[in-house]
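A short reminder: the numbers here are calculations on the coordinates, not readings from a lab. Because the structure is a prediction, the values reported are computed rather than measured. FYI the Cβ positions are ideal-geometry reconstructions off the backbone, even for glycines, and counts take in every protein chain you see.
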Amino acid sequence: MLIGRCAWHVLYHGHPRWEGVASWQGWGVRFTDGICPRCLERFREEHQAALARRSSRANTLAPTALTPEEAA
């Protein structure tokens, strides 16, 4: 059995949140970690400034074409 769980839930809420059974093959139990929508929203709120800086930096590093006046 493969059970999905929120790996971030312990960080934000103090206890793991089980998302449900992702696969059922045999009697063994395995886990797959992800992030639940509630923790994702909280992560985005806490890191919004860093994510904005990262996206603006990626836009400034993009190659641009020079106008003929700039190339001369």
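Treat each spin label as a single point 7 Å out from the Cα along the C-beta direction, and report the Val10 to Glu41 distance in nm.
So the two model labels end up 2.4 nm from each other.
Starting from 0.36 nm per residue, how many nanometres of slack lie between Gln48 and Trp27 once their C-alpha separation is accounted for?
3.4 nm
If you project the alpha carbons of region 1-50 onto the principal axes, what extent comes out on each, in Å, largest first?
Over region 1-50, Cα extents along the principal axes are 45, 18, 13 Å.
Within a Cβ distance under 15 Å of Leu2, other residues only, what is the Lys/Arg minus Asp/Glu net charge?
0
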